[in-house]
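Bear in mind that the values in this text are calculations on the coordinates, not laboratory data. Bear in mind that the values here come from a model prediction, so they are computed numbers and not experimental data. Note: ideal-geometry Cβ built from the backbone for every residue, glycine included; neighbour counts use all protein chains shown.
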Amino acid sequence: MTKQVLNCLSVRMVFTTSVIVLSLLRPGEAQWVGHLMPGLPRGADGKPNLQAAAPRTADGKPSLSGVWHAEPELGGEVGPGGLVLPKYMANVTRDQPPDTLLRPAAATLFKARADNLYRDSPSLQCLPLGVAWLDTYTHPFKIVQNPGLIVILYESQTLFRQIFMDGRTLPDDPQPAWLGYSVAAWEGDTLVVSTAGFTDKTWLDARGHPHSEAMRLTERFMRRDTGHMDIEVTVDDPVYYTRPFSYTQPHRLLPDGELIEYICNENNAAHFPLVDKKP
Amino acid sequence: MNTYASSQSPNERRCRGRGIIALGLMWLGTTISLLGHHSFAAEFDINKPITLTGVVTRIAWQNPHVWFYIDVKDEADSITSWGLEMGSPNALIRAGWTRNSMKPGEIVTVEAFRARDVATSANARSVTLVSSGKRLFTASSAPQ
């Protein structure tokens, strides 16, 4: 294949997938048709003003409430389904020096997952992807912000997550949990969420970067304006990584969108093996 | 407490532009399951595209993947039933589908990738309704 052909292929791929992304990210028209999100700043034509200042709650803090999804990376990697992937969905270490970050045990596990064609992915088993992967995943999530408690409803696997702001601290000896245990505090207009107590069964990303039960995650939620929010994630796992590392995944609001349930296990058993998959 | 060893390696740089091509090719080569639910590479063969035209016999609107079935007639008028996988209902809904977008009895043309282990299964990447010419993407795990 010539270079020109490759260029054409790539351009076509990006174009096509961009169209698909746009169509995929429309509000769920088949669900709650025409339902307008209350409180969203709008222009005279009724369209949401996504560049308006971020809304605030009664206590003056930014309101993070809304349906969000990780933003596809402009000109980024094309993944299965033709989607342009969010920047860190495939690889949370992409900005890091690759040769020194993973300790040998992590590198071994990482390679084994690739060699196995990712068959042991929690996604494939309809299990929770884990907080880090959910922060970069294409399925949207909904933040419900209340005083003392922020709830995140994840469309992926139809999960809930509670982030406590009632003064409690992280548990000393937690039973490992798929989404860990989360507490948060405001630093100015940034919500800083600390999470620990993870099971090691989840992956950090689609390529299978592993983590141990000792991992601590820090997520810094920064709503830039009505339509845009950054989540800066810091992975701190001295068992598997030689140093903490961070990345910032941009998110977009899905104005007037809504979550759609995703009950993955409805017929997942039929996937193993494929010959038995036909329902 | 910091139990990490220090690292002095230079930061990895990614080549934009050409990097898109390289990554696209890398992806085509490995076809790992980045999106949705399953391991495309383990189940389907990116190197075996197929186009099928047939009559829809059944649609299973279900998670984690919607499946539909078509009867395909060959030159000798022999009919083969094919099972075709699409994305999950939530992804299909956002792509404009409903469970009534394609009805039994309708003639469709499907672009798909064949399964590795089952001769009459494939992963559909687009469906065209022959009656209207309308083309629907399938939110599949295959590249478009």
*Using alpha-carbon positions, what is the distance between the centroids of the stretch A:84-129 and the stretch A:230-247, in Å?*
14
_Kirkwood hydrodynamic radius over Cα pairs of the stretch A:54-274, then Stokes diffusion coefficient at 4 °C and 1.567 mPa s, in µm²/s_ = 72
*If you average the sequence gap of Cα pairs under 8 Å that are 6 or more apart and divide by the length of the stretch A:122-253, what percent do you get for the contact order?*
17
*asked:* Please list, in order along the stretch B:119-132, the HN-Hα scalar couplings obtained from phi with the Karplus expression 6.51 cos²θ - 1.76 cosθ + 1.60 (θ = phi - 60°), rounded to whole Hz, x for Gly and Pro.
replied: 5, 10, 10, 7, 9, 7, 10, 8, 10, 10, 7, 4, 5, 10
*So, counting K/R as plus one and D/E as minus one, what does the shell of residues with Cβ under 12 Å around B:Val108 add up to?*
0
_Quick one: 3J(HN,Hα) in Hz for the stretch B:79-86, Karplus 6.51/-1.76/1.60 with θ = phi - 60°, rounded, Gly and Pro as x._
9, 10, 8, 10, x, 10, 9, 10
